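Visitor: Could you have a look at this structure, given as structure tokens, before my questions?
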There are 4 protein chains.
Amino acid sequence: MRIGVLTGGGDCPGLNAVIRAVVRKGIEVYGHEVVGFLNGWRGPVEGQVRPLGLDDVEDILTRGGTVLRSSRTNPYKIDGGVERIRENLARYGVDALVAIGGEDTLGVARRLVDEGIGVVGVPKTIDNDLSATDYTFGFDTAVHIATEAIDRLRTTAESHHRALVVEVMGRHAGWIALHSGLAGGANVILVPERPFSVAKVCEWVRRRFEREYAPIIVVAEGAVPEGGAEVLQTGETDAFGHVRLGGVGTWLADELAARTGKESRAVVLGHTQRGGTPTAYDRVLATRFGLHAVDAVHEGDFGVMVALRGTEITRVKLAEATAELKTVPLERYAEAEVFFG
Amino acid sequence: MRIGVLTGGGDCPGLNAVIRAVVRKGIEVYGHEVVGFLNGWRGPVEGQVRPLGLDDVEDILTRGGTVLRSSRTNPYKIDGGVERIRENLARYGVDALVAIGGEDTLGVARRLVDEGIGVVGVPKTIDNDLSATDYTFGFDTAVHIATEAIDRLRTTAESHHRALVVEVMGRHAGWIALHSGLAGGANVILVPERPFSVAKVCEWVRRRFEREYAPIIVVAEGAVPEGGAEVLQTGETDAFGHVRLGGVGTWLADELAARTGKESRAVVLGHTQRGGTPTAYDRVLATRFGLHAVDAVHEGDFGVMVALRGTEITRVKLAEATAELKTVPLERYAEAEVFFG
Amino acid sequence: MRIGVLTGGGDCPGLNAVIRAVVRKGIEVYGHEVVGFLNGWRGPVEGQVRPLGLDDVEDILTRGGTVLRSSRTNPYKIDGGVERIRENLARYGVDALVAIGGEDTLGVARRLVDEGIGVVGVPKTIDNDLSATDYTFGFDTAVHIATEAIDRLRTTAESHHRALVVEVMGRHAGWIALHSGLAGGANVILVPERPFSVAKVCEWVRRRFEREYAPIIVVAEGAVPEGGAEVLQTGETDAFGHVRLGGVGTWLADELAARTGKESRAVVLGHTQRGGTPTAYDRVLATRFGLHAVDAVHEGDFGVMVALRGTEITRVKLAEATAELKTVPLERYAEAEVFFG
Amino acid sequence: MRIGVLTGGGDCPGLNAVIRAVVRKGIEVYGHEVVGFLNGWRGPVEGQVRPLGLDDVEDILTRGGTVLRSSRTNPYKIDGGVERIRENLARYGVDALVAIGGEDTLGVARRLVDEGIGVVGVPKTIDNDLSATDYTFGFDTAVHIATEAIDRLRTTAESHHRALVVEVMGRHAGWIALHSGLAGGANVILVPERPFSVAKVCEWVRRRFEREYAPIIVVAEGAVPEGGAEVLQTGETDAFGHVRLGGVGTWLADELAARTGKESRAVVLGHTQRGGTPTAYDRVLATRFGLHAVDAVHEGDFGVMVALRGTEITRVKLAEATAELKTVPLERYAEAEVFFG
């Protein structure tokens, strides 16, 4: 049997750990061959392929990103895309695929399975917003990096009696903000799931200053003030003629300064959250995902995605896996509110 | 209501996060008072107590160890120990206790509950060997530190074509060895649950050298060779007249050198694994444990321990909580064997 | 003798290590008393003072920021500022001051010495731009943090074939950019000392992509394109009616994308570079500065600043110390150019 | 011109940064070719050689160890060793060598230069004990790792009221103990340069406990108690019939426990100190050493070693470079004593 692997969508610490596990177990336990398709779905569409032997994965466990590179190519948006995948699988003798990616990548996987191509999915979302799995790899690393940044920023805030706003990843789900905020001891946490009241944030900030401490506000990039995202518009237009949105972090720091009269600064963590060596947690989770994915391929159990439930790796139908966004529930957010102000 | 908190047994990153959460929610949400008993169960026995207000816990989230200090005192081994606890609770007006600790500490808690004292338990075991909870705080930090050490040792091993044996914590359960070994890409992992064959280890080591790489062997301190622990005896006797056991790591490095003719070195990570700032994962878990423990106290739901199941914090009876050691199951060990050699 | 300590200007990892060393040696070796003035020069002006005993500095070595807090107050811009300092020193029985700060703080120190007040300076500039000392504490920590970020960003750049622009601190001197760029293996480094040609940067970027790698560009916040800073103007005006400057990092990423057709992203590290626990290097340097400053005070050698020359701590006149900005010399920049493209 | 590079002796973080800089500048600036000899001096003796192009060094800057591997081979202890080096240099068309190593490696380099072979040296000693240079790369990384360990151990010591002895590298010079001890806030630092009095150490330890803190003792592996190293003998004999020395760390912890009655534990950091990714400081220093070494080769200035003096890279004669061990001077040790107890 020859198994193809590919990684799609945004990069994420742990992708290489998955690849390594697939190769190692595929070859050593099952005696299969493994090849890598490059650049996400573009690989099978355009026939970009390379062999993956034991030596190729010897040194990649600790590395961020993906040695197979990635893209956002969608074969269903390319003329004859699916047909070309089918041809290339035949040409390179590939019997089945392990597709590692997020909603888009797995959505393609699901449709390909319906058309008779054997695919097993591995979930990848640094935002932790897939409902079918307790956690995805990359999330712990992102939280770790954001927490380290908050730890560092606290001493600056205290030394200067300043408010510091830290903008973290999370366009639709506030998991990174919630966890790094809890771990970093944030004094306010704002998530996309709950439009926030600037007045209320100011109250927490003032209370913090009154207690002679300096406030740290952690805000997900997708959080919006009451009144909606249009509040964040900068007045400029982008290349497509849309009015640009300013970052919520910078906007909020300006608002806090104006309303409380206290110095306020914003830091936007950006891409530093998704790169570099994965945490031990993510390496273990990604490795286990890879091992279980290759089991499913070996058994011919296509159309499933591996998932974490408690401490067990299970399989869920791809169709269910991508059905629903996992957002921060109210009671989890309420837990964190205990620490506000 | 006045709630007392104490920490017992070996220290563990995350203890302070639990304390902080109990204080914060106890005071801010429920309007209770909180005091800390010092040095584990010795505190309530001897009346060592200090107030715990919001300012006392302002700065402790990121710190390792426990600001309440710890001990292994068992009130059931002290004449009138339980009576003195009862008196001191009365004297200081303490209505209920949150006891943070491992098997021993929680065992005492369970018996005190039977005698009518209100206690809620929070599980603490860096070894992750409590069956009633998916994970305990401190474990992720220990795995993180051990993994970092393995990452560092790998380059030395490769540069000198040497075998490196890394001894990690885990007297009865091999969880730290298993997870750090998987995360660090260890070429052999040895756990207390499975007596190991030195001949088999040598095979993996040789195979690794033949592939022109250098082997890393991760061994739990409690792992024993086939033939049993007496193999590790050094011939010396300790202060109690018992024949000393040498460390398994050093012993194994010597054996590997003798049998394979390859340079082999041992590193014993020791106490570095249990100190210092907790990982983000452990800070979040410990914080949630603290929040839920104070909920249980507030509701008068004594005799329970908070526990993690999947992503939820639940409560389990203290009696069940400490009944069984959670060891590494065979199938989890088998997962890791894919990477041996 | 009673010695006062204060910290002025922007915070910097290592300030607490200086304070601790002054207290420890002042008390234990010389038998003096030590007090801390709060909030930089505002402390002596307004009489904000607290005792500093051994216990107060027990736990601060590893902490970022300053337990004495800081400000940018200049007593020479306050009516009767110097007189009030004189009065407060008398009121609190303070015989001499250790002033830890940058150009502004030390400039005040120099003038106070001329007026008969005993002050010894300790240099503090995270940008490493004081010519009288080889290095200042805080710089190594900033370089360490920026390098870690670059390490993380590289895997993202490679996985997506993207250019990544990393904006680091350095308004007038490019030391942080130079050192973190060298340490992180940057493919272009831009410093304030040399206006850069965007065309030339594009060449390096293209060459990098042609070699099938992704470029990392490290740019100091004060670097300007040929044509001058006005190129960076955003068209908006700030609260003072000045036209705002956009960040050079974001501007450059946009330019690169437009000119090379390659995806380009900017990350602005901002305040994360100046906070948190100092590196071992900075803790040692700051500690030695503190020890030598208290020696100078004890000897009555006022009007000097401690400085690092090679491996030795020496004293230089405050007047010389603040005379000249230390910028990156051409030959050091040329060293780094070897790695461009 | 074709330049050969080799790395000898114990591995050290930064070796790969030197190699990369030699290759990059040798090829890009001077248009030379570069090859790597494997396994230290064994490479040129046995003709183990590989080409080193730009792509070979693209990814090695951040890696610990050495991609050229290392050995302790001494060509002067091999029959015809020097002749074989001469032949292999001729066979592979190598005109000159860059030899990166410590006292032994550079001693060989010096003798080869006397016999007409062109060699430029790059100093490598993790212990920082070469008198001709202010610092060597690898030292800062070792100090960083030891300091991190001390930071972690402190919380355990405090939580349990225990003395913790941390044994760090340094057989003949105490630099790592001194710097990591200062950076970690050690309460006693013991170095090979000064035989220590156990009674005196006990005093400091007792004083520390009396102040209600827990002591951390940092001891270099080569430190010896008054009375001499034989005190450390274990009674066992090693393979060569010599009586074994026990580690000073473990010995001291036992002594402290026996004499003070306080729990005491030892941690031996061992090889973790010399592996893994170099600090930013070491990457910059190693890179600059490499750049300047290839300059010397290009100019035909053989028989020299590059060295750091202040902030400048200079050249010193190999003969002087290896003449004298740089030990910790009394006054530097006295600086640290301020913090004892």
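Visitor: Give me the inter-chain shielding for D:59-66: mean count of other chain Cβ atoms within 10 Å, whole number please.
Guide: Numbers: counts 6, 1, 7, 8, 5, 8, 10, 5.
Average per residue, whole number: 6.
Visitor: Rounded, prolate or oblate: which one fits the range D:1-144, using the alpha carbon gyration tensor with axes a ≥ b ≥ c (rounded when a/c is under 1.5, else prolate when a/b beats b/c, else oblate)?
Guide: Cα axes put the range D:1-144 in the oblate bin.
Visitor: To continue, here is another question. Quick check: at a probe of 1.4 Å, how many percent of the accessible area of the range B:141-275 sits on carbon and sulfur atoms? Intermediate results must be reported in sequence, preceding the final value.
Guide: Numbers: 2340 of 4770 Å².
That fraction is 49 percent.
Visitor: Sticking with this structure for a sec: What is the sum of charges, Lys and Arg at +1 and Asp and Glu at -1, for the other residues whose Cβ falls under 12 Å from the Cβ of residue B:224? Display every interim value, and only then the final one.
Guide: Working: positive: B:171, B:194; negative: B:193, B:221, B:226, B:230.
Local charge sum for residue B:224: -2.
Visitor: Once the convex hull of the C-alpha atoms of the protein assembly as shown is built, how many Å³ does it hold per residue, rounded to a whole number? Show your work: numbers first, answer last.
Guide: Details: hull volume 240.7 nm³, N = 1364.
Expressed per residue, the convex hull around the Cα atoms of the protein assembly as shown is 176 Å³.
Visitor: Using a label point 7 angstrom from Cα along Cα-to-C-beta, what distances in nm, from shortest up, separate residue C:116 from the other copies?
Guide: 7.7, 7.8, 10.2
Visitor: Then there is this: For residue A:28 paired with residue B:54, estimate the spin-label separation in nm (one decimal), with each label point 7 Å from Cα along the Cα-to-Cβ line.
Guide: Distance between the two pseudo-spin positions: 5.4 nm.
Visitor: Could you go through the range D:328-341 in sequence order and give the Karplus-derived ³J(HN,Hα) for each residue, using 6.51 cos²θ - 1.76 cosθ + 1.60 with θ = phi - 60°, rounded to whole Hz, and x for Gly and Pro?
Guide: These are the phi-based 3J(HN,Hα) values: 6, x, 3, 5, 5, 5, 4, 3, 6, 4, 3, 9, 6, x Hz.
Visitor: When the Karplus curve 6.51 cos²θ - 1.76 cosθ + 1.60 is applied with θ = phi - 60°, which whole-Hz ³J(HN,Hα) does each residue of the range D:62-70 get, with x for Gly and Pro?
Guide: 8, 8, x, x, 9, 5, 8, 6, 9
Visitor: Counting only other residues whose beta carbon sits under 11 Å from that of residue D:38, what net charge do I get with K and R as +1, D and E as -1? Each step should come with its number before you reach the end.
Guide: Working: positive: D:42, D:50, D:69; negative: D:46.
Charge balance near residue D:38 sits at +2.
Visitor: Quick one: 3J(HN,Hα) in Hz for the range A:114-125, Karplus 6.51/-1.76/1.60 with θ = phi - 60°, rounded, Gly and Pro as x.
Guide: 4, 8, x, 9, x, 10, 10, x, 10, x, 9, 8
Visitor: To continue, here is another question. Highest first, please rank the peptides A:8-15, C:206-213 by the mean number of other Cβ atoms sitting within 10 Å of their residues. Before the final figure, lay out the partial values.
Guide: Working: A:8-15: 28.5, C:206-213: 15.1.
By packing density, highest mean first, the sequence is A:8-15, C:206-213.
Visitor: Over 24 Å between Cα atoms: which of C:124/D:25; C:25/C:124; C:317/D:317; C:77/C:124; D:25/D:124 fall into that group?
Guide: Working: C:124/D:25 35 Å; C:25/C:124 20 Å; C:317/D:317 35 Å; C:77/C:124 22 Å; D:25/D:124 20 Å.
Long pairs (Cα-Cα over 24 Å): C:124/D:25; C:317/D:317.
Visitor: At what distance in nm do the modelled label points of residue B:331 and residue A:115 sit from each other, each positioned 7 Å from its Cα along Cα→Cβ?
Guide: So the two model labels end up 3.5 nm from each other.
Visitor: Also: Let me check the size of chain A from its C-alpha atoms; what are the radius of gyration and Dmax in Å?
Guide: 22.0, 70
Visitor: Given H placed 1.01 Å from N in the peptide plane, which residues other than close sequence neighbours of residue D:233 have an amide H under 5 Å from its amide H?
Guide: For residue D:233, the qualifying residues are D:246.
Visitor: List the accessible area buried at the contact between D and B, summed over both sides and calculated with a 1.4 Å probe, in Å² to the nearest 100.
Guide: Values: alone 14780 and 14760 Å², together 26880 Å².
Interface between D and B: roughly 2700 Å².
Visitor: In peptide B:158-167, what is the residue-averaged number of other protein chain Cβ atoms found within 10 Å of each Cβ? Numbers along the way, then the final one.
Guide: Values: counts 9, 18, 10, 4, 2, 0, 4, 0, 3, 0.
Mean inter-chain Cβ contacts per residue within 10 Å come to 5.
Visitor: Next question, about the same structure. What residues qualify as long-range amide H neighbours of residue C:49, i.e. H under 5 Å apart, gap of 5 or more or another chain, H built at 1.01 Å from N?
Guide: So residue C:49 has HN proximity to C:38.
Visitor: So, one more: With both partners inside chain D, how many of the DSSP beta bridges are antiparallel, as a percent to the nearest 5? Don't jump to the answer; show the numbers that get you there.
Guide: Numbers: 12 of 41 bridges.
The antiparallel proportion sits near 30 percent.
Visitor: Does the range D:139-275 come out rounded, prolate or oblate, given a ≥ b ≥ c as the square roots of the eigenvalues of its C-alpha gyration tensor, rounded meaning a/c under 1.5 and, failing that, prolate meaning a/b above b/c? Mind showing how you got there, number by number?
Guide: On the way: a/c = 1.74, a/b = 1.19, b/c = 1.47.
Note, shape of the range D:139-275 comes out oblate.
Visitor: Take every residue in peptide D:179-187, count the Cβ atoms of other chains within 10 Å of its Cβ, and give the average of those counts. It would help to have the intermediate numbers written out before the result.
Guide: Numbers: counts 4, 3, 1, 11, 13, 4, 10, 0, 0.
Taking all residues of D:179-187 together, the mean is 5.
Visitor: So what is the orientation-averaged projected area of the range B:79-223, using the convex hull of its C-alpha atoms, in nm²?
Guide: Averaging across all directions leaves 11.4 nm² for the Cα convex hull.
Visitor: If you take every DSSP beta bridge whose two residues both sit in the protein assembly as shown, what share of them, in percent to the nearest 5, is antiparallel? Show your work: numbers first, answer last.
Guide: Details: 48 of 164 bridges.
Of those bridges, close to 30 percent are antiparallel.
Visitor: Choose one of A:214, A:293, A:98: the residue whose Cα lies farthest towards the positive end of the charge dipole of chain A (beta-carbon charges +1 Lys, Arg; -1 Asp, Glu; about the Cα centre).
Guide: Positive-end residue among those listed: A:214.
Visitor: So, one more: How large is the charge dipole for chain C, taken about the Cα centre, if only the Cβ atoms of Lys, Arg (+1) and Asp, Glu (-1) carry charge, to the nearest 20 debye?
Guide: Working: 38 positive and 46 negative charges, 66 e Å.
Here the size comes out at about 320 debye.
Visitor: With each pseudo-label sitting 7 Å past Cα toward Cβ, what's the residue B:197-residue D:171 distance in nm, one decimal?
Guide: About 3.8 nm separates the two model spin labels.
Visitor: Under a Cβ-Cβ cut-off of 9 Å, what is the net charge of the residues other than residue A:131 that fall near it, where Lys and Arg count +1 and Asp and Glu count -1? Mind dumping the intermediate values first?
Guide: Numbers: positive: A:326; negative: A:129, A:320, A:324.
Net charge in that neighbourhood comes out at -2.
Visitor: Let me ask something additional. For the range A:139-275, give me the percentage of DSSP beta bridges that are antiparallel, rounded to the nearest 5 percent. Working shown, then result.
Guide: Values: 2 of 16 bridges.
The answer is about 10 percent antiparallel.
Visitor: Rounded, prolate or oblate: which one fits the range B:25-74, using the alpha carbon gyration tensor with axes a ≥ b ≥ c (rounded when a/c is under 1.5, else prolate when a/b beats b/c, else oblate)?
Guide: Numbers: a/c = 2.68, a/b = 1.42, b/c = 1.89.
It is oblate, given that a/c is not under 1.5 and a/b is not larger than b/c.
Visitor: Any idea what the residue D:211 label distances to the other copies are, label 7 Å down the Cα→Cβ vector, nm, shortest first?
Guide: Nearest to farthest, the other copies are at 3.1, 5.2, 5.3 nm.
Visitor: Still on this structure: What are the residues whose amide H is under 5 Å from the amide H of residue A:168, where those residues sit 5 or more places off or on another chain and H is modelled from the backbone?
Guide: HN-HN under 5 Å from residue A:168: A:219, A:220, A:221.
Visitor: Charges at C-beta only: +1 for Lys and Arg, -1 for Asp and Glu. How large is the resulting dipole of the range B:1-60 about its Cα centre, in Debye rounded to 20? Can you show the working numbers first?
Guide: Working: 6 positive and 8 negative charges, 44 e Å.
Its charge dipole is roughly 200 debye.
Visitor: Could you identify the residue of A sitting closest to the A-B rotation axis by Cβ and state that distance rounded to whole angstrom?
Guide: For the rotation taking chain A to chain B, the closest Cβ gives A:310, 2.
Visitor: Which peptide among A:94-107, B:289-302, D:324-337, A:25-38 comes first, and what is the full order, when sorted by highest mean count of other Cβ atoms within 10 Å?
Guide: Numbers: A:94-107: 23.4, B:289-302: 21.9, D:324-337: 15.7, A:25-38: 20.1.
Highest to lowest by the protection proxy: A:94-107, B:289-302, A:25-38, D:324-337.
Visitor: Sticking with this one: Suppose R0 equals 30 Å. What FRET efficiency, 1/(1 + (r/R0)^6) with r the Cβ-Cβ distance, do residue A:312 and residue C:204 give to the nearest 0.05? Mind showing how you got there, number by number?
Guide: Values: r = 50 Å, r/R0 = 1.65.
My answer for the efficiency is 0.05.
Visitor: Here's something else I'd like to know. May I ask you to work out the translational diffusion coefficient for the range A:171-230 at 10 °C, viscosity 1.306 mPa s, via Stokes-Einstein with Rh from the Kirkwood sum over Cα pairs, reported in whole µm²/s? Write down the numbers at each step before the final one.
Guide: Values: Rh = 11.8 Å.
Taking Rh from Cα pairs, D becomes 135 µm²/s.
The values are calculated or read from the model by the stated rules, or taken from the named source; none is laboratory data. Treat the numbers as computed from the prediction; the structure is a model and nothing was measured. Methodologically, a virtual Cβ is constructed for each residue, glycine included, from the backbone with ideal geometry; neighbour enumeration extends over all protein chains shown. Each accessible area value is taken on the protein alone, full model and side chains, heavy atoms only, with ligands, DNA and RNA left out. Shrake-Rupley method; radii C 1.70, N 1.55, O 1.52, S 1.80 Å.
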